[in-house]
1. According to a simple spin-label model (label point 7 Å from Cα along Cα-to-Cβ), what is the distance in nm between residue 132 and residue 35?
2. Running a GNM on the chain with Cα contacts under 10 Å, which residue among 216, 334, 82 ends up with the highest mean-square fluctuation?
3. Can you pull the one-decimal nm distance between simple spin-label points at residue 123 and residue 275, each 7 Å off the Cα toward Cβ?
4. Quick one: order 300, 267 by neighbouring beta-carbon count within 10 Å, fewest to most.
5. Rounded, prolate or oblate, given the Cα gyration tensor of region 216-273, with a/c below 1.5 counting as rounded?
6. Indicate the gyration tensor shape class of region 114-174 (rounded, prolate or oblate), computed on the Cα atoms with a ≥ b ≥ c the square roots of the eigenvalues: a/c under 1.5 is rounded; otherwise a/b larger than b/c is prolate and the rest oblate.
7. Take the chain, connect every pair of alpha-carbon atoms lying under 10 Å apart with a spring to form a Gaussian network, then pick out the residue of 150, 178, 229 with the largest mean-square fluctuation.
8. Need one word for region 84-242: rounded, prolate or oblate. Basis is the Cα gyration tensor (sqrt eigenvalues a ≥ b ≥ c); a/c below 1.5 gives rounded, then a/b vs b/c decides.
């Protein structure tokens with residue numbers, strides 16, 4: 001088993017204080033490795049390819065800044081899928097901290113949640129069969145399931161806890177102003193119902209409180225992106241409907257904000273120009289970092305079958321990185337997403353032998369037949385191998401002696 005360690009401060013002893021170097025020529029780097037990167041690189045526009053690489057850089061004042069390198073059009077829309085789950089995990093902890101400071105309560109990772117019915121067909125949710133500690137739905141267990149296997153239901157539980165408005169506002173207050181969280185995941189509802197919330201009962205140490213977030217009146221407009229329609233046709237109710245699928249009322253975020261959100265959790269010492277989350281406690285941040293960095297097989301609670309959840313289950317870049325850094329010395333802190341033909345990797349990669357690391361965020365769209373919702377997206381055959389290859393190429397360049 002790989003020994004777990006928190007990411008090292010990309011240490012001042014490993015860097016020389018010089019002006020931040022200019023961005024890397026990612027286009028040139030990818031062109032030099034065109035054979036390895038395959039068909040996606042032959043038509044990056046059709047695959048809506050974006051890549052961001054961020055490296056620590058020690059500034060003359062002794063603080064850690066960043067060297068940023070980018071490829072692709074940041075204004076081109078991609079569906080962020082499960083990558084937005086990290087913002088719900090952070091927002092839930094911040095929301096509880098705010099309530100604790102205001103009310104003198106002690107809600108936290110061990111706080112139990114009961115999700116009450118709100119919509120037709122709902123049932124009371126108060127147990128989690130994966131939680132070996134009493135079968136409770138707790139804040140901490142929701143976060144671990146989000147990070148370890150990208151569970152949709154537990155994201156939705158935290159969505160109810162925080163509320164649509166506050167979920168967006170907490171990201172904006174932290175400096176990640178492109179976030180547009182319109183809806184739950186894998187729960188198709190009209191926009192009006194996505195702005196409504198199921199009541200949540202908190203229980204911890206004998207204390208109980210019932211929260212019913214008000215309906216959100218926040219006006220969310222996806223006004224930062226071009227080309228927010230994908231595909232040439234879509235499947236609905238078993239019928240093919242000609243015309244692209246519009247995403248103007250679906251979740252959205254710029255790739256740079258997504259990467260800096262992860263860095264605010266995993267590497268808060270890096271000066272990215274964002275406020276980040278000073279409201280997180282040391283314990284909470286360590287909990288998040290541990291969950292983001294564990295493989296499913298390493299988890300003691302919940303427990304996952306390695307045959308069903310291999311190490312690269314939600315770490316698409318792992319196969320490529322393992323060709324550069326021995327697996328025993330590789331640690332990946334990430335939150336990926338995959339839906340509607342969009343595969344998104346958002347990760348901090350570290351060689352534990354040296355403490356050297358870098359952030360990689362990338363999105364690639366694969367949909368060979370152009371039909372949305374037919375589940376023929378070439379994830380395993382094209383998208384994920386490509387993301388692994390990109391990680392390998394970048395790691396060889398960034399971590400070279």
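Readers should treat all values here as calculations from the given coordinates under stated rules, not as data from a laboratory. Predicted model, so just to flag it, every value in this text is computed and none were measured. So basically every Cβ, Gly included, is an ideal-geometry build from the backbone, and we count neighbours across all protein chains shown.
1. So the label points at residue 35 and residue 132 sit 4.8 nm apart.
2. 216
3. According to this spin-label approximation, the distance is 4.2 nm.
4. Taking fewest neighbouring Cβ atoms as first place, the list is 300, 267.
5. It comes out prolate by the Cα gyration axes.
6. Verdict is oblate for region 114-174.
7. 229
8. It comes out prolate by the Cα gyration axes.
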